[in-house]
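Working notes, structure below.
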Number of protein chains: 2
Amino acid sequence: MELHVVINGRKDLAGQLYNQLRSAIESGRLAAGTQLPPSRLLAEQLGISRKTISDTYAQLTYENFLTGVIGKGTYVNTRPAKNQPKQSHSQLASAEVIESWRNLPVFLRHPTLEGSLRYDFIGGATSKGQFPQDDWRRCTSHALRQIAGSKGFYSYAEGLPALRNAIARHIAFSRGVNCQDEDVVVCNGAQQALDLISRVMTRPGSLVAMEDPGYPPARLLFGTHGATVVGVPVDAEGIEVDKIPDGTRLIYVTPSHQFPLGVAMSQARRVALLERARELGAIIIEDDYDSEFRYEGRPTDSLQSMDEHGIVAYVGTFSKTLLPELRLGYMILPPAILEAVVRAKQLTDLHTSTLPQWALAKFIAEGCLLKHIRRCHAIYAGRRERILSRVAGDLSPWLEAVPSVAGFHMSLRCKVPIDMPLLVELAKKVEVGLYPIEPFYYQRAPQDGLLMGFGAIETLDIDPALDRLRDILQQLS
Amino acid sequence: MELHVVINGRKDLAGQLYNQLRSAIESGRLAAGTQLPPSRLLAEQLGISRKTISDTYAQLTYENFLTGVIGKGTYVNTRPAKNQPKQSHSQLASAEVIESWRNLPVFLRHPTLEGSLRYDFIGGATSKGQFPQDDWRRCTSHALRQIAGSKGFYSYAEGLPALRNAIARHIAFSRGVNCQDEDVVVCNGAQQALDLISRVMTRPGSLVAMEDPGYPPARLLFGTHGATVVGVPVDAEGIEVDKIPDGTRLIYVTPSHQFPLGVAMSQARRVALLERARELGAIIIEDDYDSEFRYEGRPTDSLQSMDEHGIVAYVGTFSKTLLPELRLGYMILPPAILEAVVRAKQLTDLHTSTLPQWALAKFIAEGCLLKHIRRCHAIYAGRRERILSRVAGDLSPWLEAVPSVAGFHMSLRCKVPIDMPLLVELAKKVEVGLYPIEPFYYQRAPQDGLLMGFGAIETLDIDPALDRLRDILQQLS
């Protein structure tokens, strides 16, 4: 590996080298602190004499562009870099992106960039400080040993066999999902599962049905594949199956814990949905994103375990049970689409990084995941109780909870008209992060409400936060 | 987190529990060695008496489905599981994948599955046993500390700022690529870079031009987006620019080290290519997959650094310099497509796993990558020398090397007609893995040849392997 310098011909070698190094330093391309190659090596590389190199280094050192450290080498000096901006848009050629990719919204903010609020009811964030560092570190050491012994080639598109086995056992135990290791495909979180299934099932103009309200990144994603996305209303029993239009190829649902409302799909509705999909020749994506956390009632069967026709693709993620930024998820695929999805995975990024895969396989196999879920479950249950009790109490003039038995968010409905943008703004001023349910609707929301995530907020912070919310609601009334 | 059991009504609770546990064990859903929940916990979960649970466990233990270990718990016994195969294809509903995803070839084999050959000239594999374990372990510890302190939310679609900075500095130094941190987008290897750029630049029917011969996974990928892929011939100076058809939106090239032939694109051809792309309003993907390893001559400028119109997307990977299975790569994007590609990254998998990202950022910043590349460079240079000297020597009646100055594979041309399938078969019998160049051609190959990778084969194995090759060639003559 070499410093990038281009020498043309044999004339004024020192001048050519000087000009290139100086402009690389001035432009910031060679940053302060960068070590230059020893003159002997650079001389070999460029096929010019060592003396020419040393003279050039000496000149640049004299001019304060470089510093020589005896016994260590020659380094670029700290100095104000001239920023050379890239050409402006007006100079660009006519190359441009296709329409469906223009002006897409940013749908997941960076809380770290925006500065966190003291009391944040954001959804989808796992409990800070609960990450099982020691167990994960031990499993990562195991992963490093596996990688060090690898063959230096690519791994399996479907995922590591050890991880597919661990996942199959885990979900058989916890969710009653009926599968063999061979049905499991590892991917980069649930979002990639949606992408891969959509790629093999839809073409421009295909109909995709999904719950309304629903998960915006799914809606946007299906749209970029050219699909026509139809929002199907959700009632207290889940998606209104009779409103799924004819011609639908793909149906995206969250039956255990509807996103964002939180309702569970009734047994009757599940049976109807399976029957409707069979009749349409459609594939159902069952996104079971957070149902490991379940607080009351008996578990319901997954759609996957009720499926007798091979039409359900079950999607799970470790973003909720472990950590979102690990980007690990999986699919349990029916035979009709399994092979095509594996090819899609291979063509889009070959396979998921093996470092987190090995670590997770060990983490599940040793029981660390179960242990971690149990611990978080207890924490989330406490937070949920606290919110429910306040909503049933002093917040009850304004808000009511939508029934929900799982996950780590719930939704609240407004019982009286509330100026939501103003509520959010006033709450933000007192360090409370609130998230209206309205943006999750495809059509107009029938009723205002709030999505209340309880992953990020500490248990002891809930009461002070809801005190502030109550004060604002009183003020707005 | 709970064992998945569904109880209906209040009748025959013990019978319901018994039947479900037994069938879960018989079907293999509850695997041998799985620990069942303590009766107290399961009783709470199901809302039935603890005695009902204990009685059921006792019955199943008596029937040898379970084993109780005093002080530890109740476990599923090892016994021949009845395999319950999933329904056959004939029973499936009419759901099926779209045409472009049917019957795609498997393009990257699993060498571990197929059993490695003693002497393997496979391309794309990095040198086994050279992985810098200790440095990488230290950098991974750093990564774990970063993750443990994270906010439990998603990270940046573009990649971690620390890694984007490290990459920008690395390629400015090593490849003269002119960029700011903001132009860098981290992705899962070069394959994902091609996918994301193609997503935002092509729609069904769009023209994509690529070198012929070329990289098959790229060709297949562009095809699955519905693009019409045109193979443009390659001569000794690189892609034949005047054969790039009108209407082309995307041009995929490997200028530093043409894949698979190995030739470098001439300066004149580079200028012509940039001019042609500008005229077309096309984006050029410059895939610079292995040019950190350079053996002779002076470095040439990257297309990216010659680009004055913002039409070159530079793609790099750490699969060749570090390890393929880490799945880490990057793009340096022109302003016209940067934002759309970041959205595409976010919609397809939100972002790349932060665990390997943090580790790599540290690894580059501490100089470990440069050190590692220098060490591998020396090893690969020795292997390359060995092959070149044999090809110029006793293999010269049959083979000649295509000029190439970089990377860790080269290509050899057949000087006389050789029965290639027979050659490959005979070589395999004596543990030598050979790879004909012909499958990399889109149209008919003008001449037979071999792709000779020297990442996987040890230096001392090259002579014995080429002795065997010579013996077979003599035998075939």
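Residues that are more than 9 Å from chain B (Cβ to nearest Cβ), surrounded by 24 or more Cβ atoms within 10 Å (Cβ to Cβ) and modelled with pLDDT of 90 or more occur at least once in segment A:121-137. Return a yes/no flag: does segment A:250-271 have any residue that is of a type in the set (D, E, K, R) and open to solvent by 40 Å² or more (accessible area, probe 1.4 Å). There is no residue in segment A:250-271 that is of a type in the set (D, E, K, R) and open to solvent by 40 Å² or more (accessible area, probe 1.4 Å).
Going by what's in this entry, would A:Ala227 be described as of a type in the set (A, V, I, L, M) and touching a Phe, Trp or Tyr at 6+ places or on another chain (Cβ under 8 Å)? No: the conditions fail for A:Ala227.
Considering each of B:Gly281, B:Gly329, B:Gly262 in turn, give the residue that is assigned by TED's automatic domain parsing to the domain that holds B:His170 and without any contact (Cβ under 8 Å) to a residue 60 or more places away in the chain. Step through it out loud before you land on a result.
Values: B:Gly329 fails: without any contact (Cβ under 8 Å) to a residue 60 or more places away in the chain; B:Gly262 fails: without any contact (Cβ under 8 Å) to a residue 60 or more places away in the chain.
It is B:Gly281.
It is to be established whether one or more residues within segment A:341-350 are on the phi > 0 side of the Ramachandran plot and within 22 Å of the chain's Cα centre (by Cα). Yes, segment A:341-350 contains at least one residue that is on the phi > 0 side of the Ramachandran plot and within 22 Å of the chain's Cα centre (by Cα). The residues in segment A:249-307 that are within 11 Å of chain B (Cβ to nearest Cβ), part of a strand (DSSP E or B) and within 30 Å of A:Gly205 (Cα to Cα) can be counted, and the count is 5.
Report yes if A:Pro335 is open to solvent by 10 Å² or more (accessible area, probe 1.4 Å) and either facing chain B (nearest Cβ under 8 Å) or under 19 Å from B:Gly152 (Cα atoms) (or both), otherwise no. So A:Pro335 fits the description; yes. One residue stands out in segment A:402-419 among those that are over 27 Å from the mean Cα position of the chain (by Cα) and of a type in the set (A, V, I, L, M, F, W, C): the one that is surrounded by the fewest Cβ atoms within 10 Å (Cβ to Cβ), namely A:Val416.
Give me a count of the residues in segment B:398-422 that are not in a strand (DSSP E or B) and not acidic (Asp, Glu).
Restricting attention to segment B:398-422, the residues satisfying the condition of being not in a strand (DSSP E or B) are B:398, B:402-405, B:407-408, B:415-422.
Of the ones still in play, those that are also not acidic (Asp, Glu) are B:398, B:402-405, B:407-408, B:415-418, B:420-422.
Here the count works out to 14.
Out of everything in segment B:423-436 that is assigned to a helix (DSSP H, G or I) and touching a residue at least 24 places away in the same chain (Cβ under 8 Å), what residue ends up being most open to solvent (accessible area, probe 1.4 Å)?
Looking only at segment B:423-436, we keep the residues that are assigned to a helix (DSSP H, G or I), and these are B:423-429.
Among the residues that remain, those that are also touching a residue at least 24 places away in the same chain (Cβ under 8 Å) are: B:423, B:426-428.
Values: B:Leu423: 3, B:Leu426: 36, B:Ala427: 1, B:Lys428: 125 Å².
The residue in question is B:Lys428.
Among the residues of segment A:234-244, write down those that are of a type in the set (Gly, Ala, Ser) and open to solvent by 20 Å² or more (accessible area, probe 1.4 Å).
Let us first name the residues in segment A:234-244 that are of a type in the set (Gly, Ala, Ser), namely A:236, A:238.
Result: A:Ala236, single match.
Sort out which residues of segment B:387-401 are among the hydroxyl-bearing types (Ser, Thr, Tyr) and surrounded by 14 or more Cβ atoms within 10 Å (Cβ to Cβ), and write them in order of number. Selection gives B:Ser389 alone.
Checking each residue in segment A:220-250 for being more than 25 Å from B:Ile98 (Cα to Cα) and either of a type in the set (Val, Ile, Thr) or outside the structural domain of A:Asp288 (by TED's automatic domain parsing) (or both) picks out A:Val234, A:Ile239.
From the list B:Lys345, B:Lys371, the one residue that fits, being in contact (Cβ under 8 Å) with a residue 12 or more places away in the chain, farther than 23 Å from B:Glu275 by Cβ and surrounded by fewer than 24 Cβ atoms within 10 Å (Cβ to Cβ), is B:Lys371. The requirement of being among the charged types (D, E, K, R) and open to solvent by 50 Å² or more (accessible area, probe 1.4 Å) is satisfied by A:Asp471. Yes or no: B:Glu275 out of contact with any Gly (no Cβ under 8 Å at 6 or more places or on another chain) and open to solvent by 10 Å² or more (accessible area, probe 1.4 Å)? When the stated conditions are applied, B:Glu275 passes them. Summed over segment B:192-233, the residues that are more than 21 Å from A:Gly226 (Cα to Cα), open to solvent by 10 Å² or more (accessible area, probe 1.4 Å) and either in a helix (DSSP H, G or I) or within 11 Å of chain A (Cβ to nearest Cβ) (or both) give a count of 2. Whether a residue is at pLDDT 95 or above, more than 13 Å from chain B (Cβ to nearest Cβ) and either assigned to a loop (DSSP other than H, G, I, E, B) or in contact with a helix residue (DSSP H, G or I) (Cβ under 9 Å, 6 or more places away or on another chain) (or both) was assessed, and A:Ala166 does not pass this test. The combined condition, being farther than 29 Å from A:Glu211 by Cα and either open to solvent by 50 Å² or more (accessible area, probe 1.4 Å) or in contact with a strand residue (DSSP E or B) (Cβ under 8 Å, 6 or more places away or on another chain) (or both), is not fulfilled by A:Arg384.
Of the residues contained in segment A:454-474, none is found to be assigned to a strand (DSSP E or B) and within 23 Å of A:Pro216 (Cα to Cα). For B:Trp358, the conditions (1) touching a Phe, Trp or Tyr at 6+ places or on another chain (Cβ under 8 Å); (2) modelled with pLDDT of 95 or more; (3) open to solvent by 10 Å² or more (accessible area, probe 1.4 Å) all hold with the exception of (1). Scanning segment B:17-59 for residues that are of a type in the set (A, V, I, L, M) and part of a helix (DSSP H, G or I) yields B:Leu17, B:Leu21, B:Ala24, B:Ile25, B:Leu41, B:Leu42, B:Ala43, B:Leu46, B:Ile53, B:Ala58. Check whether at least one residue in segment B:341-348 is among the polar types (S, T, N, Q), within 20 Å of A:Glu325 (Cβ to Cβ) and either in contact with an Asp or Glu (Cβ under 7 Å, 6 or more places away or on another chain) or more than 9 Å from chain A (Cβ to nearest Cβ) (or both), and report yes or no. Scanning segment B:341-348, I find at least one residue that is among the polar types (S, T, N, Q), within 20 Å of A:Glu325 (Cβ to Cβ) and either in contact with an Asp or Glu (Cβ under 7 Å, 6 or more places away or on another chain) or more than 9 Å from chain A (Cβ to nearest Cβ) (or both), so the answer is yes.
Taken over segment B:29-44, the residue count meeting the criterion of being buried (at least 19 other Cβ atoms within 10 Å of the Cβ) and at the interface with chain A (Cβ under 8 Å from one of its Cβ atoms) is 2. Hey, could you check segment B:66-86 for residues that are at pLDDT below 85 and open to solvent by less than 40 Å² (accessible area, probe 1.4 Å) and say which is farthest from the other protein chains (Cβ to nearest Cβ)? Once the filter is applied, the top-ranked residue is B:Asn77.
Identify, from the list B:Arg383, B:Arg374, B:Arg444, the residue that is modelled with pLDDT under 95, within 28 Å of the chain's Cα centre (by Cα) and in a helix (DSSP H, G or I). I'd like the intermediate steps shown before the answer.
On the way: B:Arg383 fails: modelled with pLDDT under 95; B:Arg444 fails: in a helix (DSSP H, G or I).
When all the criteria are applied, what remains is B:Arg374.
Number of residues in segment B:159-183 that are open to solvent by 20 Å² or more (accessible area, probe 1.4 Å), within 18 Å of A:Leu21 (Cβ to Cβ) and in contact with a strand residue (DSSP E or B) (Cβ under 9 Å, 6 or more places away or on another chain) equals 1.
B:Pro439 - would you say it is without any contact (Cβ under 8 Å) to a residue 24 or more places away in the chain, outside the structural domain of B:Ala209 (by TED's automatic domain parsing) and not hydrophobic (A, V, I, L, M, F, W, C)?
Working: without any contact (Cβ under 8 Å) to a residue 24 or more places away in the chain: no; outside the structural domain of B:Ala209 (by TED's automatic domain parsing): yes; not hydrophobic (A, V, I, L, M, F, W, C): yes.
So B:Pro439 fails the test.
The values are calculated or read from the model by the stated rules, or taken from the named source; none is laboratory data. Just so we're clear, the structure is a prediction, and the values are computed from it rather than from any experiment. With ideal geometry, Cβ positions are generated from the backbone for all residues, glycine too; neighbour counts draw on all protein chains shown. Quick note on the areas: whole protein, heavy atoms, side chains included, nothing else; ligands and nucleic acids left out. Shrake-Rupley method; radii C 1.70, N 1.55, O 1.52, S 1.80 Å.
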